[in-house]
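J.: Would you mind keeping the following structure in view while I ask a few things?
The values are calculated or read from the model by the stated rules, or taken from the named source; none is laboratory data. Nothing here was measured: the structure is a model prediction, and the numbers come from that model. Counting neighbours? That spans all protein chains shown, and the Cβs are built from the backbone with ideal geometry, glycine included.
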Amino acid sequence: MNFFSELKRRNVYKVAVAYAIAGWALSQGIAQVFPVFDVPNWVIRLIVLLIIIGLPVALALAWMFEITPQGIKRTETADAMPASMRRKKYAWIYVVVIGAAISIGLFFLGRYSAPSRTPSQSEAATVPEKSIAVLPFDNLSRDPENAYFCEGVQDEILTRLAKVADLKVISRTSTQHFKSTPDNLPQIAKQLGVMNILEGSVQKANDQVRVNVQLINAITDAHLWADTFDRQLTDIFAVETEIAKAIAESLQAKLTGSEKNSIAKVPTVNTEAYELYLKGRFFWNKRSGVDLRKAIEFFNQAIAKDPNYALAYAGLADSYLLLPNYGGAPTADVVPQARAAVTKALELDDSLAEAHASLGLLDTLDLRLERAITHMERAVQLKPNYATGHHWLGLGHLSLGHFGQAIKEGKRAAELDPLSVIINADLAWTYASAHRLDEAEAQARRTLEIDPRFFLAHYYLGGIRQAKGEMTEAISEFQQAFDLNGDFYSLAALGQAYARSGRKAKAQKVVARLNEEAKSHHVAPYAWALLYLGLDDKNRALDELEEAYQRGDTNYLFVLKVDPLFDDLRGNTRFEALGQKGVGPES
């Protein structure tokens, strides 16, 4: 008798078929049932692996033993028994039939019930496994003044993680909307587009710091890693580096040599300078003229404590560069201070992404638009998850009319900082500038869902509705923008909308109002040009734009080439010459 005939005689084939069908049915069953009870995926994979390993064991047992009415006997003993005492060999057929029925039933159960029963699984499949959001840390210190320090620890961990290209890291602007230990982690993870959440707390007393952290898979609620660090304040940077490396290791992210060095870099050895820097960033993030000036004070104090603190110089530059937008300062008044600060930052650390982004924004105000893009590209290369870098890079491409790249970078910024109103609003204006008005309107409305009181989203929506010829709605949006922020750009846009809709008396009242405001406040030429264009005084509008360029009052002048509010001047020789100011050879 040959080997294969012996396999058949000992029922090894039958056992193999029955085992395969039963094992497949079991694996299908656990795949359908276990996720309902939030059983981790690794448990399901382990059981399937054990089923596979069990196959050769079952075949060996089938070769060596046989089931008889008298119990389990070795095959040699069973062969010697009378035929009447040997068990009929039909049991395997029942196993096959029952297993097949179960398998078919589970298949159709999963086929028709899975979409309605487990939608989160299909959504999770689109979320990168190596994605993380760091929620605000709890401030366990008795002194509420330490809130800025707590935010700073969170921000430093984010900063280090953002340098890892293999990770997707959500910006703090989006995560600060949530509390540190929320009850609805899966919902937050879905809103932010991540799979993992880091929670933590900070307790600071004098020069002692305790940091508690835990890394959680928000989809399965599995705790991936947790630790407590009790250190002196001088060791806080080492703690933040250790946490960042542990997270990267837990998520199996690949770290290059330069990324490891960048994560471990200590920005300053002076703890007082570090605390002052954190206060500066705290006020910088508030984005108002008053708060930006407070930020400048704290950054200067940090620099006084540590003159070699590159990040503090970058923060100082950023504060000056945003003053024209949020503080009404003339561009020419802030550029010299910003230039000195960013130059010093790069002298101290040429690998600082924030400084390269700042230099890119400075070049934008200088109308060196091609060079601005080069510096911003360097910023996102150094810090791939830097949402602000992608945001400003997108605006750089927009200023040159590179709409495809502008939208791509704008979307990437919104992906990294999905709840940032400024990033979402500017993406809407990018669509509008590309004359993709339906997408622009939808994006502007999404921004207002995040913050209905964000004036710039109303301003952009006004421009979009005007481009669609919906003047009544445009006037309403411009009015809301001005009511919320009181800025002269919104007031000028309101005036030109009045003029375009035939309400010239209303438009003239806006002219009178701006003339009165100009006696005590700076009214940018760009705003005047917008208003005069609405009144169909194209020459005066062009005079204002040319004066802005001559005076170095370049805020918003860099988007002149694509701003849809100035479409009436397209083709005008003077206007086209102005639009080319930032294009071409640069020094």
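J.: Could you tell me which residue of segment 334-351 is surrounded by the fewest Cβ atoms within 10 Å (Cβ to Cβ), considering only residues that are closer than 18 Å to Tyr320 by Cα and hydrophobic (A, V, I, L, M, F, W, C)?
T.: Restricting attention to segment 334-351, the residues satisfying the condition of being closer than 18 Å to Tyr320 by Cα are 334-346.
Subset that is hydrophobic (A, V, I, L, M, F, W, C): 334-335, 338, 340-342, 345-346.
Working: Val334: 23, Val335: 18, Ala338: 23, Ala340: 14, Ala341: 27, Val342: 29, Ala345: 26, Leu346: 20.
That would be Ala340.
J.: How many residues does segment 319-363 contain that are under 30 Å from Gly486 (Cβ atoms), outside any helix (DSSP H, G or I) and in contact with a Pro (Cβ under 9 Å, 6 or more places away or on another chain)?
T.: Number of matching residues: 1.
J.: Given segment 420-502, what helices (runs of 4 or more DSSP H) lie entirely inside it while holding 3 or more residues that are out of contact with any Pro (no Cβ under 6 Å at 6 or more places or on another chain) and of a type in the set (Phe, Trp, Tyr)?
T.: Details: elements: 421-433, 437-450, 455-467, 471-485, 488-500.
The helices (runs of 4 or more DSSP H) meeting that bar are 455-467, 488-500.
J.: Looking only at segment 209-256, which residues are modelled with pLDDT under 85 and part of a helix (DSSP H, G or I)?
T.: Listed by number, the residues that qualify are Leu233, Thr234, Asp235, Ile236, Phe237.
J.: Working carefully through the options Leu514, Leu560, Leu533, find the one that is buried (at least 20 other Cβ atoms within 10 Å of the Cβ) and modelled with pLDDT of 95 or more.
T.: On the way: Leu514 fails: buried (at least 20 other Cβ atoms within 10 Å of the Cβ); Leu560 fails: modelled with pLDDT of 95 or more.
The match here is Leu533.
J.: What residue, among those in segment 314-362 that are in contact (Cβ under 8 Å) with a residue 60 or more places away in the chain and not hydroxyl-bearing (Ser, Thr, Tyr), is nearest to Pro384 (Cα to Cα)?
T.: Step one: of segment 314-362, the residues in contact (Cβ under 8 Å) with a residue 60 or more places away in the chain are 324-325, 328-332, 335, 351, 353.
Retained after the next criterion (residues that are not hydroxyl-bearing (Ser, Thr, Tyr)): 324-325, 328-330, 332, 335, 353.
Values: Pro324: 28, Asn325: 26, Gly328: 32, Ala329: 32, Pro330: 32, Ala332: 32, Val335: 27, Ala353: 9 Å.
Among those that are in contact (Cβ under 8 Å) with a residue 60 or more places away in the chain and not hydroxyl-bearing (Ser, Thr, Tyr), it is Ala353.
J.: Another question, if that's okay. Have a look at Val209, Val202, Val213 and point out the one that is in contact with a Cys (Cβ under 6 Å, 6 or more places away or on another chain) and not charged (D, E, K, R). Lay out the reasoning, then the answer.
T.: Working: Val209 fails: in contact with a Cys (Cβ under 6 Å, 6 or more places away or on another chain); Val213 fails: in contact with a Cys (Cβ under 6 Å, 6 or more places away or on another chain).
Criteria check complete, one pass: Val202.
J.: Another question, then. So if I check each of Leu416, Leu393, which one is buried (at least 24 other Cβ atoms within 10 Å of the Cβ) and in contact with a strand residue (DSSP E or B) (Cβ under 9 Å, 6 or more places away or on another chain)? Let's see the steps before the verdict.
T.: Details: Leu393 fails: in contact with a strand residue (DSSP E or B) (Cβ under 9 Å, 6 or more places away or on another chain).
Answer to the check: Leu416.
J.: Could you grab me the full set of residues in segment 236-284 that are among the acidic types (Asp, Glu) and surrounded by 15 or more Cβ atoms within 10 Å (Cβ to Cβ)?
T.: Step one: list which residues in segment 236-284 are among the acidic types (Asp, Glu), which gives 240, 242, 249, 259, 272, 275.
Passing the criteria: Glu240, Glu242, Glu259, Glu275.
J.: Can you tell me which of Asp235, Asp227, Asp143 is over 21 Å from Val266 (Cβ atoms) and more than 21 Å from the chain's Cα centre (by Cα)?
T.: Checking each option against the conditions leaves just Asp143.
J.: For segment 556-577, enumerate the residues that are in contact with a Phe, Trp or Tyr (Cβ under 7 Å, 6 or more places away or on another chain) and closer than 20 Å to Leu362 by Cβ.
T.: Listed by number, the residues that qualify are Tyr556, Leu557, Leu560.
J.: Related question: From the list Phe282, Phe298, which residue is at pLDDT below 85, hydrophobic (A, V, I, L, M, F, W, C) and over 21 Å from Ala379 (Cβ atoms)? So that I can check it myself, show each step before the final result.
T.: On the way: Phe298 fails: at pLDDT below 85.
Only one candidate passes the filter, namely Phe282.
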